[in-house]
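Got a structure here, written out as structure tokens. Questions coming.
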Number of protein chains: 2
Amino acid sequence: MSDTELLPIRDLQACCAPITREPIEPSNAESLARSLKALADPARLRLLSIVAAHAEGEACVCELTDPLALSQSTVSHHLKVLVGAGFLTSTKRGTWHYYRLVDGALDAVAALLAAV
Amino acid sequence: MSDTELLPIRDLQACCAPITREPIEPSNAESLARSLKALADPARLRLLSIVAAHAEGEACVCELTDPLALSQSTVSHHLKVLVGAGFLTSTKRGTWHYYRLVDGALDAVAALLAAV
């Protein structure tokens with residue numbers, strides 16, 4: 001299945017019951033698995049968490065490398081995965097990219113996993 | 001970090017705030033990433049969902065291969081990953097293993113991801 005056929009995580013929540021309420025459709029399981037893969041990395045979880053905790057919910061890539069003790073290229077790769085999966089948005093201002101959580105995206109994953 | 005140093009998912013919920021409330025500690029990010037990796041597979045999401053929807057919340061491995069159209073050894077591998085990660089329990093009765101969701105394990109992941 002190509003990426004373009006997979007539902008974005010917020011659409012998936014709109015269409016589907018929590019996985020424990022009724023058997024999840026195969027194509028929706030593919031979409032949810034893709035979202036979970038994007039989250040299933042310690043560096044990416046820390047990035048989401050640091051961005052969320054930052055002043056006004058936005059952080060510059062220049063503020064994210066030191067806390068993780070990773071190279072800027074590695075951090076940029078992880079940020080790109082999170083943007084691609086719909087968990088972060090990226091805005092360029094001046095020299096730097098700024099990152100912000102997408103409202104409701106983590107909640108959508110949580111809602112699909114939580115029991116009724 | 002070895003597996004034995006990682007917190008089980010339910011202990012992780014007991015100790016930690018949602019990741020968007022405060023920056024997650026590196027070791028807790030490792031534990032949560034491990035749980036998410038176990039979930040981040042379409043076949044495993046479908047298995048959890050089918051087991052949960054089954055009569056009395058329990059399913060025999062013999063009932064799980066046909067719906068997924070996978071070999072029994074592949075299904076057994078996925079079930080083993082889910083048991084190892086604390087999302088399913090397994091009981092042997094007669095010839096077959098029976099699987100059941102661990103109460104609260106998916107809810108614990110959801111609680112760590114959901115916004116306050």
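So which residues in segment A:67-94 are without any contact (Cβ under 8 Å) to a residue 12 or more places away in the chain and either within 14 Å of chain B (Cβ to nearest Cβ) or more than 17 Å from the chain's Cα centre (by Cα) (or both)?
Listed by number, the residues that qualify are A:ALA69, A:SER71, A:GLN72, A:SER73, A:LYS92, A:ARG93, A:GLY94.
Separate question: Looking for something facing another protein chain (nearest Cβ under 9 Å) and either touching a Gly at 6+ places or on another chain (Cβ under 7 Å) or crowded, with 18+ Cβ neighbours inside 10 Å (or both) - is there at least one such residue anywhere in segment A:1-11?
No, segment A:1-11 contains no residue that is facing another protein chain (nearest Cβ under 9 Å) and either touching a Gly at 6+ places or on another chain (Cβ under 7 Å) or crowded, with 18+ Cβ neighbours inside 10 Å (or both).
Which of the helices (runs of 4 or more DSSP H) found entirely inside segment B:1-110 contain at least 2 residues meeting this: at positive phi and in contact with a Phe, Trp or Tyr (Cβ under 9 Å, 6 or more places away or on another chain)? I'd like the intermediate steps shown before the answer.
Numbers: elements: B:9-15, B:26-39, B:42-53, B:65-68, B:72-84.
Hits in segment B:1-110: none.
Okay, moving on. Does B:ALA69 qualify as being modelled with pLDDT under 95, over 19 Å from A:GLU22 (Cα atoms) and of a type in the set (Gly, Ala, Ser)?
Details: modelled with pLDDT under 95: yes; over 19 Å from A:GLU22 (Cα atoms): no; of a type in the set (Gly, Ala, Ser): yes.
Criteria not met by B:ALA69.
Does A:PRO18 count as within 9 Å of chain B (Cβ to nearest Cβ), buried (at least 18 other Cβ atoms within 10 Å of the Cβ), under 20 Å from B:ARG21 (Cβ atoms) and not β-branched (Val, Ile, Thr)?
Working: within 9 Å of chain B (Cβ to nearest Cβ): yes; buried (at least 18 other Cβ atoms within 10 Å of the Cβ): yes; under 20 Å from B:ARG21 (Cβ atoms): no; not β-branched (Val, Ile, Thr): yes.
Criteria not met by A:PRO18.
With the requirement that a residue be of a type outside the set (A, V, I, L, M), at the interface with another protein chain (Cβ under 7 Å from one of its Cβ atoms) and within 21 Å of A:ASP103 (Cα to Cα), what does segment A:22-41 give you?
A:LYS37, A:ASP41
Would you say A:SER73 is within 22 Å of B:ALA33 (Cβ to Cβ), hydroxyl-bearing (Ser, Thr, Tyr) and either touching a strand residue (DSSP E or B) at 6+ places or on another chain (Cβ under 6 Å) or surrounded by 13 or more Cβ atoms within 10 Å (Cβ to Cβ) (or both)? Lay out the reasoning, then the answer.
Numbers: within 22 Å of B:ALA33 (Cβ to Cβ): yes; hydroxyl-bearing (Ser, Thr, Tyr): yes; either touching a strand residue (DSSP E or B) at 6+ places or on another chain (Cβ under 6 Å) or surrounded by 13 or more Cβ atoms within 10 Å (Cβ to Cβ) (or both): no.
Here the answer is no, as A:SER73 does not meet what is asked.
For A:LEU106, are the conditions met, namely being buried (at least 18 other Cβ atoms within 10 Å of the Cβ), closer than 30 Å to B:HIS78 by Cα, at pLDDT 95 or above and aliphatic (A, V, I, L, M)?
On the way: buried (at least 18 other Cβ atoms within 10 Å of the Cβ): yes; closer than 30 Å to B:HIS78 by Cα: yes; at pLDDT 95 or above: no; aliphatic (A, V, I, L, M): yes.
Against the criterion (buried (at least 18 other Cβ atoms within 10 Å of the Cβ), closer than 30 Å to B:HIS78 by Cα, at pLDDT 95 or above and aliphatic (A, V, I, L, M)), A:LEU106 does not qualify.
B:ALA115 versus (1) under 17 Å from the mean Cα position of the chain (by Cα); (2) in contact (Cβ under 8 Å) with a residue 24 or more places away in the chain: which is the lone unmet condition?
(1)
Hey, A:LEU64 hits all of (1) surrounded by fewer than 18 Cβ atoms within 10 Å (Cβ to Cβ); (2) more than 15 Å from A:LYS37 (Cβ to Cβ); (3) in contact with a strand residue (DSSP E or B) (Cβ under 8 Å, 6 or more places away or on another chain); (4) touching a residue at least 12 places away in the same chain (Cβ under 8 Å) but one; which does it fall short on?
Failed condition: (1).
If I go through segment B:48-61 residue by residue, how many of them are within 14 Å of another protein chain (Cβ to nearest Cβ) and touching a strand residue (DSSP E or B) at 6+ places or on another chain (Cβ under 8 Å)?
7
The values are calculated or read from the model by the stated rules, or taken from the named source; none is laboratory data. Every value quoted in this text rests on a predicted model; they were computed, and no experiment measured them. FYI the Cβ positions are ideal-geometry reconstructions off the backbone, even for glycines, and counts take in every protein chain you see.
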